[in-house]
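Peer 1: Right, I'll just put the structure down here and ask away after.
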Amino acid sequence: MEEMFTIEDNCLRIVMPEELDHHKAGQIREGADEYLLSGKARHVVFDFSKTRFMDSSGIGVIAGRYQKAASYGGKVVAIHANSRIRKIIMLSGLKDMIEIMD
């Protein structure tokens, strides 16, 4: 099973779960903050290749990690987001905070 968190070249890569609800969001928030606050990573890459569902708690996770990363001069990127996840990012306003890549 692939690790949820990996670090490479000052980037924290987070493999998002299939269903990103409030329970999973809490786990991701805690894990990501641990890496960001320790200085092990400045940038965050959210990998949505497995994600089929995301509720408002997922939006909060992304926005919160954006604020933390930005405070350290970092940026946040979303990769492998399907059309549903892209739509959520666009409608929520996250598109103004993060970059979406394929």
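The values are calculated or read from the model by the stated rules, or taken from the named source; none is laboratory data. This is a predicted model, so every value here is computed, not measured. Here the Cβ positions follow ideal geometry from the backbone for every residue, glycine too, while neighbour counts run over all protein chains shown. The area values use the complete protein model at the heavy-atom level, side chains included, leaving out ligands, DNA and RNA. Shrake-Rupley method; radii C 1.70, N 1.55, O 1.52, S 1.80 Å.
Peer 1: First select every other residue whose beta carbon is under 10 angstrom from the beta carbon of I79; then total the charges, Lys and Arg +1, Asp and Glu -1. Intermediate results must be reported in sequence, preceding the final value.
Peer 2: Details: positive: R13; negative: D47, E99, D102.
Summing Lys and Arg as +1 and Asp and Glu as -1 gives -2.
Peer 1: Turning to a different aspect of this structure: Alpha carbon centre of the stretch 1-37 versus the stretch 41-80: separation in Å?
Peer 2: 9
Peer 1: Just grab the label-to-label distance for N10 and D33, each label 7 Å out from Cα along the Cβ direction, in nm (one decimal).
Peer 2: 2.4
Peer 1: Then there's this: Output ³J(HN,Hα) for the stretch 85-100: one whole-Hz value per residue in order, computed from phi by the Karplus curve 6.51 cos²θ - 1.76 cosθ + 1.60 with θ = phi - 60°, and x for Gly and Pro.
Peer 2: Each residue's phi maps through the Karplus curve to give 5, 4, 5, 4, 4, 5, 5, 7, x, 4, 4, 7, 9, 10, 9, 10 Hz.
Peer 1: Tell me, what is the per residue accessible area of the chain in Å², probe radius 1.4 Å?
Peer 2: Values: 5830 Å² over 102 residues.
Per-residue accessible area for the chain comes out at 57 Å².
Peer 1: Taking 0.36 nm per residue of sequence separation and subtracting the Cα-Cα distance, how much length would be gained by fully extending the chain between D55 and K87, in nm to one decimal?
Peer 2: On the way: separation 32, 0.36 × 32 = 11.52 nm, distance 1.21 nm.
Here the segment from D55 to K87 would lengthen by 10.3 nm.
Peer 1: On the protein heavy atoms, probe 1.4 angstrom, tell me the percent of accessible surface of the chain carried by carbon and sulfur. Intermediate results must be reported in sequence, preceding the final value.
Peer 2: On the way: 2890 of 5830 Å².
Of all accessible area on the chain, carbon and sulfur atoms account for 50 percent.
Peer 1: Once label points are set 7 Å from the Cα along Cα→Cβ at both Q67 and I79, what is their separation, rounded to one decimal in nm?
Peer 2: The modelled label-to-label distance comes out at 2.7 nm.
Peer 1: Then there's this: Suppose every K and R has +1 on its Cβ and every D and E has -1 on its Cβ; what is the size of the dipole of the chain about the Cα centre, in Debye to the nearest 20?
Peer 2: Working: 14 positive and 15 negative charges, 64 e Å.
Around 300 debye, computed over the chain.
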